Amino acid sequence: MHTPSRKRISRPPLVALVLAASTIASGCKPATSPSIAAGKAPIQPTADARGPPWFRDVTAGCGLDFTYTSGEEANRYTLLESLGGGVGLIDYDRDGWFDLVLPGGGGFDSEGSRIHGRPTGLFRNLGNGKFANVTEATGLDRVSFYSHGCAAADYDRDGWPDFAVTGYGRLALFHNTDDGQGGRKFEEVAQPAGIDGPHDDPLWGASAAWGDIDGNGYADLFVCHYTDWSFANDPICPKAGTPHGRDVCPPQRFQPQRGSLFLSNGDGTFHDATQQQSLRAEGCGLGAVIVDVDGNSQPDIYVANDATPNFLYINLQGRLEERGLAAGVALDEEGDYDGSMGVDAGDPHGTGRPALWVTNFQGEVHALYAQIEPGLFYHDEKAAGIAALGRRYVGFGTGFVDADNDGWEDLVIVNGHVQRFPVEASYRQRAVLLHNVERNGRRFFDNISSQGGAYFERELLGRGLAIGDLNNDGWPDLVISHSNSPVVVLMNERVPGENHWLGVELVGRDRRDVAGATATVELEGRRLTRYAKGGGSYLSSSDRRLLFGLGPTQKIGRLSVHWPWGQIQHWEGLIADNYYRLREGEPQADRQTSAAAPPHD
């Protein structure tokens, strides 16, 4: 989120050579068209007359009534109100249905001189297409601060999922406990757990991600921090193109902040390892994903920074080494930083190596970094057709999702501006659906937003996006948060039987965290690879089960899992159109016998 003022950073010669070589190897990449370069209107979506819309908005009547508020109505034009809020998917009561965690945001008092917060909401999935508001019943209504992000994990390995909520000057940790009446409640334990300082701490948390960084079996917590904005550091920035009026300032007017890494002590508490791990301080962190980037079975961290180069922290036996620039994933093709927000990792090319995906600001192209060899990437967004979206979007929540279960991961992006009066772009924007298809012998993303459903025709301030199978039918659904507009639930409407699927839940030995695991399914003539991740998207936490779209085939070969910090394990005889629970070290795959997965052991 920034103005056109840019900073060029030279790539190392080796990476430049790799990028040039990969361009030749992957075929000639089309030059940027005049319309894209000029920031004019994006190419219109491709019409697709086959079948009904892909997603249906079921929000009305489902019992979900929640709006993230930013305080925009106070007309303070602060950078604070630009970030928005995320979505968390968490089966808090282990009934087999994913529930919704929704940070509430906040606002300003009547004089605009003090910040107030709103509680995080929790909506229980009743399993029949309905949700029930259980915020008060689970104790979440007692904790309020200006919040942004949600990250879920079973950090103490007791079998019940917990979650962290980030925000301005506060980091909350909600521990899932017994309410004494046969139900569940949440206790806020950030301070006794050692991850929260004084409540007047100026640190501003954005996205967060869980993963076992040091290999002790317990999930560690990485938190992005944004800038040093405060009421004492709140410059007035003019409305673009006129000496009159005010607008939200760009992040370049502030200092970037160092992210934090809290390593688990294995007893429910954490210690701050930020200095020990030498995390860099030159980034305005907004998005983060934990995934095994280089295939060494150790979870790495990729950070999307706003108006600063992105970071790639490679895990070397528990020691993190920042290699973003050397790996080719820190900058755009011209050697400039981007205004990066949303992030994900997937295998859209079918290579078995994760690509990194980043959504960027207006005037920039979203980045698809394809991995040419372990730890080295090249830009593929132009050849893959993504640049054809144009440069008017401001992309936030995003993710790889095989929306039609054809075995190739598609992309979803929710968009919305941060400046009230943008130039050559709209404030509220439409979401985008990109279909991964084959074109001229390679993978290409076709803009089929017009077939996404009625939601994709609406203009909103999109922010958080969580992807998951809300009704356990094997077809991924979407939950989207907006600034100052209600949260939306989109159910996948693709026709059952058209393509088949396989779902797996990975359970680490003694419930240890599995972020960084890699799963591969062998089909006739194809191998499908999916990654267990922490974080991803923007301020959000998605369904951690892995979905493999199988296309028309129902014949599944061997499924292999490379466990983080562990060994490779194989399963055979899995049946299509079913969910399985795969436990590390146990040879038997636990097939789910109903639409709802049974509770954990």
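The values are calculated or read from the model by the stated rules, or taken from the named source; none is laboratory data. Note that the coordinates shown come from a computational prediction; the quantities given were computed from them, not determined experimentally. Backbone-built Cβ (ideal geometry, glycine too); neighbour counts: all protein chains shown. Keep in mind that these areas ignore ligands, DNA and RNA; they rest on the heavy atoms of the full protein, side chains included. Shrake-Rupley method; radii C 1.70, N 1.55, O 1.52, S 1.80 Å.
What to note about this one:
- Selection status of Ala326, among the hydrophobic types (A, V, I, L, M, F, W, C) and open to solvent by 10 Å² or more (accessible area, probe 1.4 Å): yes
- Within the range 404-431, residues that are on the phi > 0 side of the Ramachandran plot have Cβ atoms under 6 Å from residues that are aromatic (Phe, Trp, Tyr) in these pairs: Asn405/Trp501, counting only partners at least 6 apart in sequence or on another chain.
- In the range 162-191, the qualifying residues are those that are closer than 18 Å to Gly84 by Cβ and of a type in the set (Val, Ile, Thr), and the one that is surrounded by the fewest Cβ atoms within 10 Å (Cβ to Cβ) is Thr166.
- Close pairs from the range 183-199: first at pLDDT below 95, partner part of a helix (DSSP H, G or I), Cβ under 6 Å, at least 6 apart: Asp196/Ala190
- Of residues in the range 469-485 being among the polar types (S, T, N, Q) and buried (at least 24 other Cβ atoms within 10 Å of the Cβ), the one farthest from Trp54 (Cα to Cα): Ser483
- Hits in the range 238-294 - residues which are more than 20 Å from Gln419 (Cβ to Cβ), open to solvent by 70 Å² or more (accessible area, probe 1.4 Å) and assigned to a loop (DSSP other than H, G, I, E, B): Gln255, Arg258, Asn265, Asp267, Gln275, Gln276, Ser278, Arg280, Glu282
- In the range 156-176 there is no residue matching the filter, namely being of a type in the set (Val, Ile, Thr) and over 23 Å from Asp65 (Cα atoms).
- Of everything in the range 410-446 that is more than 29 Å from Ser70 (Cβ to Cβ) and touching a Pro at 6+ places or on another chain (Cβ under 9 Å), the residue that is surrounded by the fewest Cβ atoms within 10 Å (Cβ to Cβ) is Asp446.
- Among the residues examined, Phe377 qualifies as in a strand (DSSP E or B), touching a Leu at 6+ places or on another chain (Cβ under 9 Å) and open to solvent by less than 10 Å² (accessible area, probe 1.4 Å).
- Screening Phe400 with (1) open to solvent by less than 10 Å² (accessible area, probe 1.4 Å); (2) out of contact with any helix residue (DSSP H, G or I) (no Cβ under 8 Å at 6 or more places or on another chain); (3) closer than 30 Å to Leu80 by Cα gives one miss only, at (1).
- Residue that is least open to solvent (accessible area, probe 1.4 Å), among those in the range 34-71 that are at pLDDT 95 or above and of a type in the set (D, E, K, R): Asp57
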